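The values are calculated or read from the model by the stated rules, or taken from the named source; none is laboratory data. A quick note: this is a predicted structure, and the numbers were derived from the prediction, not measured. Backbone-built Cβ (ideal geometry, glycine too); neighbour counts: all protein chains shown. Just so you know, the surface numbers come from the protein's heavy atoms only, side chains and all, with ligands and any DNA or RNA stripped out. Shrake-Rupley method; radii C 1.70, N 1.55, O 1.52, S 1.80 Å.
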Amino acid sequence: MRLDEVRLAVVGLGYVGLPLAVEFGKSLPVLGFDINHERVAELIAGRDHTLEVSAEELAAAGGLQVSADPADLASANVYIVTTPTPIDQFNQPDLGPVLSASRTIAAHLSPGDVVIYESTVYPGATEERCVPVLEEVSGLTFNTDFSVGYSPERINPGDKEHRVSNIIKVTSGSTPETADFVDSLYRRIVTVGTHRAPSIRVAEAAKVIENTQRDLNIALMNELAKLFNKLDIDTEAVLLAAGSKWNFLNFRPGLVGGHCIGVDPYYLTHKAQSVGYHPEIILAGRRLNDSMGVYVASQLVKRMTSEGMQVRGSRVLIMGLTFKENTPDLRNSRVVDIITELQEYGIQVDVHDPWANVEEARRHYAVELVAEPEVGAYDAIIIAVAHREFRALGEARIRQWGNPGGHVVYDTKYVLGRGAADLRL
């Protein structure tokens, strides 16, 4: 297929799909498809609640049309799948969304079409799970009538510096010709170039280890933070000192949530266990990072107890609910672990987050956000997310929410200067 013949459809208009569709829409006819009718209506009105794309950027994508009608997919001959790949309650991969998207596409697949997957999966999933669905529903034969590619997403929610066009894109295809085509297609929008992987499985593995590596590095920092707290040593001071060496990796302890770092390692461990290999280090890192919410809560309760405070019936303010700073993204937020643990101690928890959507917080986590914390009401305050608004407040304005008779401020994100908080991670 020649690039001038491409009629592109991006399936899934979330944090990954929308920026991609907008970038392609600047130079190609693009159909942006999403099953969420409210999402489509929002985009037609020129708004993006994820804040990844501005109204001006939406308007500049002249070739982009959005739809929630699957019939409109029939006009495409190249499909890019950007649906989420979450985990279930047992930390097992949930391929439901990506397989559902495959079925929807397959109903309109024609000879010569190309399907490209961007969703993060374990090595082999594209060809072992997605391709059979495409064949079964379409009645076409893989690599004879249609082919597939894999080019893993590298979106960082809230990051306005690293965007689709200036992050090197890994590309791959099920045949040499498809690999050439996929690489050429992405080179239209990625100004810094691409890296062509030798196979789809290599590209899948490359993506899943990117976040596994970050997960393990943060797990090490979390373990060090626990150790240094025992030794009464300031963790940030240690990291700043160690960071003076040119090759020290600049990671910080904290909660590990979101759609990637806290999820992707489980895709890799699932595949490893399916071939009889038990990945000890990866799972150890996951266990440690998943335990940090409980650790934060227990540290706070210990400090309150040592200060002679009544824990049961006390009030705690948590600042931040999103999985990271300066984004409304609530997916897999581990702040919820702190909330749940504190509530088990009989503590009343209020959550304040200027970035989070009130309805989404209620729907996903049964959390009622407070628009403005009550002055002088809280026995403890936890800074859980380093939103820029929180950094701008400073110690005095944060402490005004604390009980004037005594309260504890726990800064898990180094928002306040050294000595300004009563507890730091």
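Here are some notes:
- Any hit, region 401-415, residues being out of contact with any strand residue (DSSP E or B) (no Cβ under 9 Å at 6 or more places or on another chain), assigned to a loop (DSSP other than H, G, I, E, B) and among the polar types (S, T, N, Q): no
- Of everything in region 234-271 that is open to solvent by 50 Å² or more (accessible area, probe 1.4 Å) and in contact with a helix residue (DSSP H, G or I) (Cβ under 7 Å, 6 or more places away or on another chain), the residue that is farthest from Tyr410 (Cα to Cα) is Phe248.
- Filtered residue count, region 144-160, keeping only those that are surrounded by fewer than 21 Cβ atoms within 10 Å (Cβ to Cβ) and within 24 Å of Val208 (Cβ to Cβ): 4
- From the options Leu369, Leu425, residue that is modelled with pLDDT under 95, among the hydrophobic types (A, V, I, L, M, F, W, C) and closer than 18 Å to Val335 by Cβ: Leu425
- The sole residue among Arg303, Arg287, Arg331 that is basic (Lys, Arg), open to solvent by 40 Å² or more (accessible area, probe 1.4 Å) and farther than 15 Å from Ile87 by Cβ is Arg303.
- Of Tyr295, Tyr277, all but one fail to be open to solvent by 30 Å² or more (accessible area, probe 1.4 Å), farther than 30 Å from Asp48 by Cβ and part of a helix (DSSP H, G or I); the exception is Tyr295.
- Looking across region 152-174 at every residue that is without any contact (Cβ under 8 Å) to a residue 60 or more places away in the chain and in contact with a Gly (Cβ under 9 Å, 6 or more places away or on another chain), the one that is farthest from Ala125 (Cα to Cα) is identified as Ile168.
- Residues within region 1-19 that are within 21 Å of the chain's Cα centre (by Cα) and either surrounded by fewer than 20 Cβ atoms within 10 Å (Cβ to Cβ) or within 16 Å of Pro157 (Cβ to Cβ) (or both), tallied: 8
- Boolean, Arg214 is under 14 Å from Pro152 (Cα atoms), assigned to a helix (DSSP H, G or I), open to solvent by 40 Å² or more (accessible area, probe 1.4 Å) and basic (Lys, Arg): no
- Candidate set from region 355-371 (those that are more than 29 Å from Lys302 (Cβ to Cβ) and free of Cβ contacts under 8 Å to residues at least 60 places away in the same chain); member that is most open to solvent (accessible area, probe 1.4 Å): Arg363
- Search result, residues across region 340-354 that are within 11 Å of Met319 (Cα to Cα) and surrounded by 18 or more Cβ atoms within 10 Å (Cβ to Cβ): Val349, Asp350, Val351, His352, Asp353
- Tally of residues being under 32 Å from the mean Cα position of the chain (by Cα) and open to solvent by less than 10 Å² (accessible area, probe 1.4 Å) across region 306-320: 5
- Residues satisfying the stated conditions in region 20-33, i.e. buried (at least 24 other Cβ atoms within 10 Å of the Cβ) and over 15 Å from Leu185 (Cα atoms): Gly32, Phe33
- Annotation: Ile168 fulfils all but one of (1) open to solvent by 30 Å² or more (accessible area, probe 1.4 Å); (2) within 22 Å of Val22 (Cβ to Cβ); (3) at pLDDT below 95; the unmet one is (3).
- In region 123-171, the residues that are part of a loop (DSSP other than H, G, I, E, B), closer than 17 Å to Ala101 by Cβ and hydroxyl-bearing (Ser, Thr, Tyr): Ser151
- Residue count for region 372-422 under the criterion of being surrounded by fewer than 18 Cβ atoms within 10 Å (Cβ to Cβ), in contact (Cβ under 8 Å) with a residue 24 or more places away in the chain and of a type in the set (A, V, I, L, M, F, W, C): the result is 3.
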